[in-house]
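Visitor: Here it is: the structure, laid out below.
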Amino acid sequence: MTPISSPLPLIQSLYLRYGQEAYGEGVTQLAHAYQAAQLARQAGYPPAVVVAAFLHDVGHLYAQDQPHEDMAEFGVMSHDRIGADWLRQLGFPKPVPELVEGHVQAKRYLTWAEPGYFDALSAASQATLGYQGGPMDEEEASAFREQPWFNLSLKMRHWDDEAKVENQQVPSLEDIWDMVEAVWASGQA
Ligand code: FE
Ligand code: FE
């Protein structure tokens, strides 16, 4: 069942309370979210994709208020699925939950498919790969390639990896919250 009222205050409250956590990266979660969203927007993607980029790690934040398991100091176990499930529950339309869920699968895929990808990852992303199932094997990789959001998930992953620039002023995305709400509203029948 989808809630009737906007989930915006809930989501904002998470970023307000936990957005300054960095989970082993050189950027805060809020800066990381803004940078990822900015990259999606600069690449010309529609609001749903920009919002997915903004919310891709929301599972780390949402889980803080739930019983959860940590990956040492690197945030929450299964944050991809936790975030995706929550956004789905809130009524966010496709492909938002799918892309949120895909960002870790894309990392597992790319570490299998692209020599050198692992070495280019941030130290925290390297450290968490083991918790996330390690590189895909051939079978998992071909199943992932069949997913409708495969290409977009790889794009999301690259924005995620690039969105870790330290001391970069958070780009001004004043309308990001309006976008989050509009994308959510577009999923309500
Ligand atoms: Fe993540
Ligand atoms: Fe991320």
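Visitor: Hey, rough spin-label estimate for Asp70 and Leu8, points 7 angstrom out along Cα→Cβ, what's it come to in nanometres?
Guide: Distance between the two pseudo-spin positions: 3.3 nm.
Visitor: Using the Kirkwood radius over C-alpha pairs as Rh, can you work out the diffusion coefficient of the chain via Stokes-Einstein at 4 °C, viscosity 1.567 mPa s, in µm² per second?
Guide: Stokes-Einstein gives a translational diffusion coefficient of 78 µm²/s.
Visitor: Near Lys94, which aspartates and glutamates are there with a Cα under 16 Å away, not counting those fewer than 8 places off in the same chain?
Guide: By straight Cα distance, Lys94 reaches Asp80, Asp85, Glu181.
Visitor: A further question on this structure: Taking R0 as 30 Å, what FRET efficiency do you get between Lys94 and Asp178 from their Cβ-Cβ distance, rounded to the nearest 0.05?
Guide: 0.90
Visitor: If you don't mind, there's one more thing I want to ask. Taking the Cα-to-Cβ direction at Glu166 and at Ser142 and moving 7 Å from each Cα, how far apart do the two end points lie in nm?
Guide: That separation, rounded to one decimal, is 4.3 nm.
Visitor: OK, next. List the residues whose amide H sits under 5 Å from the amide H of Met71, counting only those 5 or more places along or on another chain, with H placed 1.01 Å from N in the peptide plane.
Guide: Val76, Met77
Taken together, the values in this text are just the output of simple stated rules run on the coordinates, not laboratory data. Note that the coordinates shown come from a computational prediction; the quantities given were computed from them, not determined experimentally. Quick reminder, even Gly has a Cβ in these numbers, built from the backbone with ideal geometry, and neighbours come from all protein chains shown.
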